[in-house]
Amino acid sequence: MRIQSKLSPIAILLMALSYQAVATERLDISATTTELNETTTEPSHFESWTETKQRWQEQHGLQLGVDYNMLGLTATNPLGDSSSASGALRVYGQWDMVHTDSGSTGGVVFKFEHRHKYSDTSPKEFGVQDLGYIGFVHSLYGDQGFRTTHLFWRQSMLDERMVAYAGFLDMTDYTDFYALASPWNDFNNGVFTSGSGTIGGLPDGALGVMLGGFLTDKIYGSASILDAKGNASNLGQGVEDLFDSKATWKSLEIGYTPSKEALFIDNAHVTVWQRDAVENDKEGYGVNVSLSGLIDNQWLPFLRAGWAEDGGAMYDASVSVGFGYIPVNRNQDMMGLAFNWASPMASTFGDIELDDQYTAELYYRAQVTPWLQLSPSVQVLNHTAINVNAIETGNQENIFIKDKTDVVFGFKARFAF
């Protein structure tokens, strides 16, 4: 590891980590329509509310989901606080307003959130601030208050074979997805979510357009262009920044699935992306590949990798391998185990060359009742730690802690209404 003596690169590193924390706020990998289907098809103890939602969908084309999510984390070898906790209230849905004789539909997709922390440090900041980890032990639970991650028009075409989005988008709805990539429901660590840490910017609440669909019965593709920064906490400011900077984020993905119905389960794809220069981040680009599928209706193995050149990506290379397991007689539960190797991107962190880092995570998601989901987890992180306290006090000798191992225990709860 090459360590520079001046503190200015360290300051740049901290700024980069702070920006990455904001960028990674958007990581909700499950497509909104997938969440809606899961929510609206489950039975509920709130029968009258469930019946009301069903009636709205039948009479007005409005699908609506509401949930409250909580996460608590605790670490065995912290540099700062040993625990962190946060919550998030989400209201999301789709309102179909246009129906054509050919079967195509058009309507508004929306998702409004309020994210808030219970502790001094939110889980999103916990890895950086209290462990010195170059990454996110969880990328979504922050303290941003109200956010609008989705607000766009969705238009299907050609008997639902093609779809177009226009408005404020979340790129993870259609970019580098796989079945276990949602931090709300499955793995916590950012290396196991969309982009594997090698896609720069990760815009959500970003003004843009996307066109995607099936080119054949088994080959699909998508292309998009979005505001490179996005600002889900202030959509108006995001639009102003886009017209001022004209910086955009683009993606192109081509993939294979045995059938349209199996798109989110059995999937192999290649994604390329490009991001214009934004503030301290250079213009950059990269490629991601993913292979995942369901075996014997129980096993969900996956292999994912990414490579990047600049663009504000957290890592210049990342490889993950793992699996999900659906227990017998518990087909709404999921166990996941995964391992990752990643190489931090020097240009994102003040041109400081940091050692490779290794991450493992094990979790179990239990559907306790139709409206309650609980998920304990454990992460093991081996990395070079950035000692924020040493930076603040000017103690240069202890800024870097090599070969640090952290064990992080987590517990998530999701209440669906």
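The values are calculated or read from the model by the stated rules, or taken from the named source; none is laboratory data. These figures come from a predicted structure and were not determined experimentally. Here Cβ is always computed from backbone atoms with ideal geometry, including for glycine, and neighbour counts include all displayed protein chains. Note: areas computed on protein heavy atoms with side chains; ligands, DNA, RNA excluded. Shrake-Rupley method; radii C 1.70, N 1.55, O 1.52, S 1.80 Å.
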Long-range neighbours under 9 Å by Cβ, at least six apart or interchain, first residue within 29 Å of THR148 (Cα to Cα) within the stretch 93-106, second of a type in the set (Lys, Arg) and open to solvent by 30 Å² or more (accessible area, probe 1.4 Å): GLN94/ARG154; ASP96/ARG154; THR105/ARG154; GLY106/ARG154
With respect to VAL272, is the statement that it is at pLDDT 95 or above and under 30 Å from GLY350 (Cα atoms) true? yes
Going through GLY103, GLY87 one at a time, which residue ends up being at pLDDT 85 or above and open to solvent by less than 40 Å² (accessible area, probe 1.4 Å)? GLY87
Got a number for residues in the stretch 349-398 being touching a strand residue (DSSP E or B) at 6+ places or on another chain (Cβ under 8 Å), among the aromatic types (Phe, Trp, Tyr) and open to solvent by less than 60 Å² (accessible area, probe 1.4 Å)? 1
Among (1) over 21 Å from the mean Cα position of the chain (by Cα); (2) more than 25 Å from PHE112 (Cβ to Cβ), there is one condition ILE254 misses while meeting the rest; what is its number? (1)
Hey, any hits in the stretch 389-396 for a residue that's on the phi < 0 side of the Ramachandran plot and in a strand (DSSP E or B)? no
What tally of residues in the stretch 123-172 results from selecting those that are over 19 Å from the mean Cα position of the chain (by Cα), part of a loop (DSSP other than H, G, I, E, B) and surrounded by fewer than 23 Cβ atoms within 10 Å (Cβ to Cβ)? 4
Please verify whether THR175 is part of a strand (DSSP E or B), β-branched (Val, Ile, Thr) and touching a residue at least 60 places away in the same chain (Cβ under 8 Å), treating the condition exactly as stated. no
Scope the stretch 106-115; condition buried (at least 16 other Cβ atoms within 10 Å of the Cβ) and under 20 Å from TYR68 (Cα atoms); matching residues: VAL109, PHE110, LYS111, PHE112, GLU113, ARG115
Can you confirm whether the stretch 232-240 contains a residue that is in a loop (DSSP other than H, G, I, E, B), within 25 Å of TYR178 (Cβ to Cβ), modelled with pLDDT under 90 and touching a helix residue (DSSP H, G or I) at 6+ places or on another chain (Cβ under 9 Å)? no
Listed by first then second residue, the pairs whose first member lies in the stretch 393-404 and is within 17 Å of LEU354 (Cβ to Cβ), whose partner is open to solvent by less than 80 Å² (accessible area, probe 1.4 Å) and of a type in the set (Asp, Glu), with beta carbons under 8 Å and at least 6 positions apart or on separate chains, are LYS402/ASP355; ASP403/ASP355
Subset of the stretch 399-417, residues charged (D, E, K, R) and either under 30 Å from THR52 (Cβ atoms) or loosely packed, with under 15 Cβ neighbours inside 10 Å (or both), comes to LYS402, ASP403, LYS412, ARG414
